[in-house]
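The structure appears right after this line, and notes come after that.
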Amino acid sequence: MSLSNGEITILIGCIGLVLLGIGLAWLIRRLRKDPYPYERRPILTDNEAEFYEVLRQACEILDLQILIKMRLADIMAVKSTEKDYMAAFNRIKAKHTDFILCDPDTLDVLMGVELDDRSHVQEARVERDIFVDGAYQACGIPLLHVWNPITLEELLDQIEENL
């Protein structure tokens with residue numbers, strides 16, 4: 001059975017219409033999908049914001065600069081002698097420290113501050129904290145763990161003891 005030229009033309013036209021329909025359906029779905037599914041959120045949780053006020057006062061007294069939610073990869077580097085560089089980097093690239101205390105003139109990192117809460121007793125969080133503590137220790141940077149609420153005097157004492 002052979003098709004005539006007219007039948008071939010109709011068949012090609014039908015295939016073209018089906019493909020056009022599929023393409024239009026895909027385009028409509030893509031256009032309806034929000035390419036930027038993001039919304040603003042506060043930098044600090046309520047607990048962190050409350051603690052930040054006490055930390056800010058302490059840092060004014062001690063003449064320190066505060067940086068907020070810095071990635072470990074922004075304040076420490078994988079040793080150039082590390083054979084498995086990417087694996088080591090991947091372990092620090094997505095972890096952050098709540099607050100970093102720096103020299104106000106040079107921004108040299110002097111100390112990390114982790115605000116601990118109930119989540120820090122969960123097994124996964126305990127493992128994460130052990131790793132982060134070890135990374136800080138390897139870099140020679142003190143890491144202070146504090147619980148909120150804390151008084152200004154208590155925080156000043158803890159910072160001064162660890163600087």
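The values are calculated or read from the model by the stated rules, or taken from the named source; none is laboratory data. Model, not experiment: these values are computed from the prediction. Counting neighbours? That spans all protein chains shown, and the Cβs are built from the backbone with ideal geometry, glycine included.
At a glance:
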{"item": "Cβ-Cβ under 7 Å pairs, at least 6 apart or on other chains, the range 58-87 side in contact (Cβ under 8 Å) with a residue 40 or more places away in the chain, far side surrounded by 15 or more Cβ atoms within 10 Å (Cβ to Cβ) and among the small types (Gly, Ala, Ser)", "result": "Leu72/Ala135; Met76/Ala135"}
{"item": "Among residues of the range 14-36, those that are acidic (Asp, Glu) and part of a helix (DSSP H, G or I), counted", "result": "0"}
{"item": "Asp103 being free of Cβ contacts under 8 Å to residues at least 40 places away in the same chain and loosely packed, with under 10 Cβ neighbours inside 10 Å", "result": "no"}
{"item": "Flag for Val132 being within 22 Å of Gln158 (Cβ to Cβ) and loosely packed, with under 15 Cβ neighbours inside 10 Å", "result": "no"}
{"item": "Answer from Lys69, Lys93 - the residue that is touching a strand residue (DSSP E or B) at 6+ places or on another chain (Cβ under 7 Å), more than 26 Å from Glu154 (Cα to Cα) and modelled with pLDDT of 95 or more", "result": "Lys93"}
{"item": "Any pair with Cβ under 9 angstrom, 6 or more apart, that starts in the range 150-161 at a residue that is over 12 Å from Leu62 (Cα atoms) and buried (at least 17 other Cβ atoms within 10 Å of the Cβ) and ends at one that is modelled with pLDDT of 95 or more and of a type in the set (Ser, Thr, Tyr)", "result": "none"}
{"item": "Single residue of Lys95, Lys83 found to be in the same structural domain as Glu153 (by TED's automatic domain parsing), surrounded by 10 or more Cβ atoms within 10 Å (Cβ to Cβ) and not small (Gly, Ala, Ser)", "result": "Lys95"}
{"item": "Number of the exception - Gln137 against (1) within 20 Å of the chain's Cα centre (by Cα); (2) in a helix (DSSP H, G or I); (3) farther than 26 Å from Asp46 by Cα", "result": "(1)"}
